[in-house]
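The values are calculated or read from the model by the stated rules, or taken from the named source; none is laboratory data. From a predicted model like this one, the values you see are computed outputs, not experimental measurements. Glycine gets a Cβ as well: all are built from the backbone with ideal geometry, and neighbour counts include every protein chain shown.
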Amino acid sequence: MNAELITALLVIGGAFLALLRAVKGPTTFDRVLAVNVFGTKTVVLLALLGYIGDRTGFLDIAVLYALVNFLGTIALLKFVETRRLG
Amino acid sequence: MSESVVLRTIGGMLFPYILVYGLYVQMHGEIGPGGGFQAGVLVAAAFILHSLLFGKELTDRLLPTWLVDLSMSLGVLLYIGVGIVGLVKGSYFLDYSVLDPTHPAHAEALGMTLVEAGVGLTVASVILTMVRKVNGEPA
């Protein structure tokens, strides 16, 4: 087994732990942070998959996901604070 | 949320980059991941971010509602227009080769670019309108 595959598996494990915190997490802040961590792990995993499969197109998707992930976090925070998105 | 200085600064910095990335996905869609639909979603995401951070009045000043409504139909018109050109010139619907008979490869690139531009315009404006509707505004 090569190093990048092990790294990808570890990242998936970390993402699972973050998901667990998002489901359990006592306060809303925990959940928002866990969702943000999960999104960041997805970005890293996409870049790794692009390296493993030797497909540079995955990097484009990783950048795109980073941008949209930021938007999702802001929308979630705004909804928590004001209970509406408008 | 519009009083948070950090979010407004970061969002204001990120807004043009998301727009440019949307254009990149639109133009690069032929040879990479992406295309009209994805680019439209990204452009719409940029304006949604703007309206989340700065309020919908400022976003309306940046991108008026009539422009969104107009581009919603303009995209479909562009798509169908490219298709109709094929019909008018005596071939079948969406036949790109009639656009430039001497250079079939150029004609295909031109036709695909125009069709993808139409898809991007329509998707961006429809998603913006959907978000407006979900927020309970008359669109």
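Could you grab the pairs with beta carbons closer than 8 Å, sequence gap of 6+ or different chains, first residue in the range A:10-29 and closer than 16 Å to A:VAL43 by Cβ, second one of a type in the set (Gly, Ala, Ser)? Filtered contacts from the range A:10-29: A:ALA18/A:ALA34; A:LEU19/A:ALA34. If I ask for residues that are at the interface with chain A (Cβ under 8 Å from one of its Cβ atoms) and farther than 16 Å from B:GLY55 by Cβ, which ones from the range B:11-23 would you list? Within the range B:11-23, B:LEU14, B:TYR17, B:ILE18, B:TYR21 meet the criteria. Under the condition of being more than 10 Å from every other protein chain (Cβ to nearest Cβ) and surrounded by 17 or more Cβ atoms within 10 Å (Cβ to Cβ), the residues counted in the range A:50-65 number 3.
Residue-level check: of (1) modelled with pLDDT of 90 or more; (2) more than 14 Å from chain A (Cβ to nearest Cβ); (3) under 25 Å from A:LEU67 (Cα atoms), B:TYR79 misses just (3). When B:GLY86 is tested against the conditions (1) surrounded by fewer than 18 Cβ atoms within 10 Å (Cβ to Cβ); (2) away from chain A (no Cβ under 14 Å); (3) more than 30 Å from A:GLY57 (Cβ to Cβ), the lone failure is (1).
Screening the range B:1-10 for residues that are within 10 Å of chain A (Cβ to nearest Cβ) and either in contact with a Phe, Trp or Tyr (Cβ under 9 Å, 6 or more places away or on another chain) or assigned to a helix (DSSP H, G or I) (or both) and picking the one that is surrounded by the fewest Cβ atoms within 10 Å (Cβ to Cβ) gives B:SER2.
Could you tell me whether any residue of the range A:68-79 is surrounded by fewer than 16 Cβ atoms within 10 Å (Cβ to Cβ), at pLDDT below 90, over 17 Å from the mean Cα position of the chain (by Cα) and away from chain B (no Cβ under 13 Å)? Within the range A:68-79 (the criterion being surrounded by fewer than 16 Cβ atoms within 10 Å (Cβ to Cβ), at pLDDT below 90, over 17 Å from the mean Cα position of the chain (by Cα) and away from chain B (no Cβ under 13 Å)), the answer is no, since none of the residues qualifies. Output the qualifying pairs, or none if there are none: Cβ atoms under 7 angstrom, residues six or more apart or on different chains, first residue in the range B:121-137 and at the interface with chain A (Cβ under 9 Å from one of its Cβ atoms) and closer than 18 Å to B:LEU77 by Cα, second residue at pLDDT 90 or above and surrounded by 22 or more Cβ atoms within 10 Å (Cβ to Cβ). The qualifying pairs do not exist here. A:PRO26 meets the conditions (1) under 27 Å from A:ILE74 (Cα atoms); (2) part of a helix (DSSP H, G or I) in every case but one. The failed one is (2). Does B:ILE31 satisfy the condition of being in contact with a helix residue (DSSP H, G or I) (Cβ under 8 Å, 6 or more places away or on another chain) and either within 12 Å of chain A (Cβ to nearest Cβ) or not in a helix (DSSP H, G or I) (or both)? Considered against the rule, which asks whether it is in contact with a helix residue (DSSP H, G or I) (Cβ under 8 Å, 6 or more places away or on another chain) and either within 12 Å of chain A (Cβ to nearest Cβ) or not in a helix (DSSP H, G or I) (or both), B:ILE31 comes out as no.
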